[in-house]
Amino acid sequence: MAASKSKVILFGTAKQAKVTHRWPVAVFNDAKQAKSYATFLRLAYRAADWPAVKTLDPSAVMTEEGTPIKDTKWSLVEVPYAPSPDLEDDDAATEEAAPTA
């Protein structure tokens, strides 16, 4: 499998009392996976299956009644991904404990 050069973030957006809320739902390796996940979310919202919505999207913005906002929209954002290797800190090995006064 080839190394991932980018990640796709699925964002949720909802408007409540003239305030727009935007939050990350999940991160995926490609847009196809993100779209599949968004389809499950959409189906759960349409069926008013709130336990499923809370499981799929724990950060969903809720109404005063404790249900997710029905007019939630989803969007995808692709971001570059190039993790750097976790190397030892040379500074940590050469630092000496400073005397406390």
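Values quoted throughout were computed directly from the atomic coordinates according to the rules given, and no laboratory measurement underlies them. This one's a predicted model, so the numbers in the text were calculated from it and none came from an experiment. Glycine gets a Cβ as well: all are built from the backbone with ideal geometry, and neighbour counts include every protein chain shown.
Go through the range 31-55 and report how many residues are touching a residue at least 24 places away in the same chain (Cβ under 8 Å) and within 24 Å of Ser4 (Cβ to Cβ). Residues meeting the conditions: 7.
For the range 1-21, which positions are without any contact (Cβ under 8 Å) to a residue 40 or more places away in the chain and either more than 17 Å from Val61 (Cβ to Cβ) or surrounded by 12 or more Cβ atoms within 10 Å (Cβ to Cβ) (or both)? Walk me through it before giving the result.
Taking the range 1-21 and keeping what is without any contact (Cβ under 8 Å) to a residue 40 or more places away in the chain, we get 1-3, 17-20.
Listed by number, the residues that qualify are Met1, Ala2, Ala3.
For the range 31-55, give me each residue that is under 14 Å from Ile9 (Cα atoms) and surrounded by 13 or more Cβ atoms within 10 Å (Cβ to Cβ). Residues satisfying the conditions are Ala31, Gln33, Ala34, Lys35, Tyr37, Ala38.
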